[in-house]
1. Which residue fluctuates most in the GNM of chain A (Cα springs below 10 Å): A:Y66, A:Y39, A:Y88?
2. Work out how far the C-alpha atoms of the stretch B:4-88 reach from end to end along every principal axis, then list the three figures in whole Å, largest first.
3. Name the residue, out of B:S49, B:S94, B:S80, whose mean-square fluctuation peaks in a Gaussian network model built on chain B with Cα pairs under 10 Å.
4. So what's the Cα pair-distance distribution over the stretch A:38-77, bin width 10 Å, in %?
5. Please report, largest first and rounded to whole Å, the three semi-axes of the ellipsoid equivalent to the stretch A:1-113, where each semi-axis is the square root of five times an eigenvalue of the C-alpha gyration tensor.
6. Below 27 Å, Cα to Cα, which lysines can B:K71 reach? Residues fewer than 8 away in the same chain don't count.
7. Suppose a student asked you for the relative contact order of chain A, using Cα pairs under 8 Å spaced at least 6 residues apart; what percent would you report?
8. Treating only the Cβ atoms of Lys and Arg (+1) and Asp and Glu (-1) as charged, compute the dipole magnitude of the protein assembly as shown about its Cα centre; round to the nearest 20 debye.
Amino acid sequence: GNSVTQMEGPVTLSEEAFLTINCTYTATGYPSLFWYVQYPGEGLQLLLKATKADDKGSNKGFEATYRKETTSFHLEKGSVQVSDSAVYFCALLTGGGTSYGKLTFGQGTILTVHP
Amino acid sequence: NAGVTQTPKFRVLKTGQSMTLLCAQDMNHEYMYWYRQDPGMGLRLIHYSVGEGTTAKGEVPDGYNVSRLKKQNFLLGLESAAPSQTSVYFCASSYSPPPANTEAFFGQGTRLTVV
């Protein structure tokens, strides 16, 4: 079945530091890949996505590149802000078989950014 | 814009009691999902629906039932609550899965405690 593995957290950074959150996946077929963000007390919001190999998703200074050869979709940001403190979820969606329509999530990575 | 609305937002149940969580979306989405979020485990799919009148089991369906009598509503029922069902429950909806791969929109969550 499909699965998503994220790096263990929590991650604590100082403002303006570089961020990487690793995400690798296992899936049948050709999944679409997503990063969702959850701010304290809120639901999940889509941060960025990529639908095919070598696509780069980007939003709000965050980027992630769909690497089929390494089955990865690592999230990066060059300079984090305190307002980026949240929980980040990597997710995938496939189009075939018994997994049709199911969005599969990683376990989430807590990011805390200090001034 | 209402988006995805969950009711109630908080609830405390005694073991053995029953309750229904309501999810309503006003975006005319075909696909709706119920997830539970537990610390260190990310979001796990309980049940989902690919259209009015249809439901399907996700990863952790035991102890839950669902119904999708109207396209805009997706109900999650607990017939006999257990402490293991203490969690935060999220509803989500999307216009379509692959190949369109449209974004899933999430509700604010329901925090359920079973004592």
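1. Ranking A:Y66, A:Y39, A:Y88 by mean-square fluctuation puts A:Y39 first.
2. 34, 24, 20 Å, listed from the longest principal axis down.
3. The residue that fluctuates most here is B:S80.
4. Going out from 0 Å in 10 Å bins, the stretch A:38-77 shows 30, 45, 22, 3 percent.
5. The equivalent ellipsoid of the stretch A:1-113 has semi-axes of 24, 14, 12 Å.
6. A:K49, A:K102, B:K9, B:K57
7. 36 percent
8. 560 debye
Coordinate-derived values only; no laboratory data. Predicted model, so just to flag it, every value in this text is computed and none were measured. Positions of Cβ are generated from backbone atoms using ideal geometry, with glycine treated the same way; all protein chains shown enter the neighbour counts.
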